[in-house]
Amino acid sequence: MHDVSYANKIVAALVAQGVPKGAAGRAVVKVSLSPFSHVKPERLKETARVIAGSEGYQNMALEVRTASFTISCSSCGRESEHREAVFSCPHCGSTSFNLKPYEEFCIDSVENKEG
């Protein structure tokens, strides 16, 4: 169900950016998706294509990248940024770390390619 929620956010962003519907409306939407998300990039692309198409945005292209996240090690106190799931601190090997707050899904940009 998260894929539907994210796809609806993408459509809302298209509307907010004034992308015209129909054949004239062309847009590239770039999003970031957490590596911990239950939504896979291909599933999000397909869901967004269907929902955006049903709203008149048939020419929308979606680019999905993996969001970065930061962990803070409880043992050595160091922080490190990652784009893939990690299970230990890369500095000391400890498995005691905290995941810093971040967004699981983020719309990075909407490029209106009108015309």
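Placing +1 at every Lys and Arg Cβ and -1 at every Asp and Glu Cβ, with all other atoms neutral, what dipole size does the chain have around its Cα centre, in debye to the nearest 20? Let's see the in-between values first.
Details: 13 positive and 13 negative charges, 27 e Å.
Result for the chain is approximately 120 debye, rounded to the nearest 20.
What order do you get for ASP3, ASP108 when you list them from fewest to most C-beta neighbours inside 10 Å?
Details: ASP3 20, ASP108 12.
Ranked by crowding around the Cβ, least crowded first: ASP108, ASP3.
Longest span of the chain, sites excluded, free of GluC sites (Glu not before Pro) in DSSP loop with at most 15 other C-beta atoms within 10 Å?
Values: sites that count: GLU84, GLU103, GLU114.
Here the longest run is 1-83.
I want the antiparallel fraction of DSSP beta bridges within the stretch 18-81, as a percent rounded to 5.
Details: 3 of 11 bridges.
Counting only bridges with both partners in the stretch 18-81, antiparallel ones make up about 25 percent.
Step by step: find N for the chain, compute 2.2 N^0.38 Å, then divide the Cα radius of gyration by it. What's the final number? Walk me through the intermediate numbers first.
Details: Rg = 17.5 Å, N = 115, 2.2 N^0.38 = 13.4 Å.
Scaled against compact globular proteins, the figure is 1.31.
Determine the gain in length on full extension of the stretch PHE36-SER94; use 0.36 nm per residue of separation and subtract their C-alpha separation, reporting nm with one decimal.
On the way: separation 58, 0.36 × 58 = 20.88 nm, distance 1.98 nm.
Difference between extended and current length: 18.9 nm.
Of GLY18, GLY56, GLY93, which is the most mobile in a GNM of the chain whose springs link Cα atoms less than 10 angstrom apart?
Of GLY18, GLY56, GLY93, the most mobile in the Gaussian network model is GLY93.
For the stretch 54-115, what does the relative contact order come out to in percent, with C-alpha contacts under 8 Å and a separation of six or more? Write out the running numbers ahead of the final one.
Numbers: 61 pairs, mean separation 17.5, N = 62.
Relative contact order, the stretch 54-115: 28 percent.
Pulled fully out, how much extra length does the chain show between VAL50 and GLU84, if you take 0.36 nm times their separation in residues and subtract their Cα-Cα distance? All intermediate terms of the calculation are to be shown ahead of the outcome.
On the way: separation 34, 0.36 × 34 = 12.24 nm, distance 2.81 nm.
9.4 nm is the gain from fully extending VAL50 to GLU84.
Which FRET efficiency, nearest 0.05, do TYR102 and SER75 yield, Cβ-Cβ r, R0 30 Å?
Once the sixth-power term is evaluated, E becomes 0.90.
Among PHE69, PHE36, which comes first, then next, by fewest other beta-carbon atoms within 10 Å? Please list the in-between numbers first.
Details: PHE69 21, PHE36 11.
Placing the least packed residue first, the sequence is PHE36, PHE69.
Taking every DSSP beta bridge with both residues inside the chain, roughly what % is antiparallel (nearest 5)?
Working: 14 of 22 bridges.
Antiparallel: roughly 65 percent of the beta bridges in the chain.
Please rank MET60, MET1, fewest neighbouring Cβ atoms within 10 Å first, as an exposure proxy. If you can, show how the numbers build up before the last one.
Values: MET60 23, MET1 7.
Lowest to highest Cβ neighbour count: MET1, MET60.
Identify which of VAL64, VAL15, VAL29 has the largest mean-square fluctuation in a Gaussian network model of the chain, with springs joining Cα atoms closer than 10 Å.
Among VAL64, VAL15, VAL29, the largest GNM mean-square fluctuation belongs to VAL15.
We did not get these values from a lab; they are worked out from the coordinates using the rules stated. Here the structure is a predicted model, which is why all the values come from computation and not from measurement. In this analysis, Cβ positions are derived from the backbone assuming ideal geometry, glycine residues included, and neighbour counts consider all displayed protein chains.
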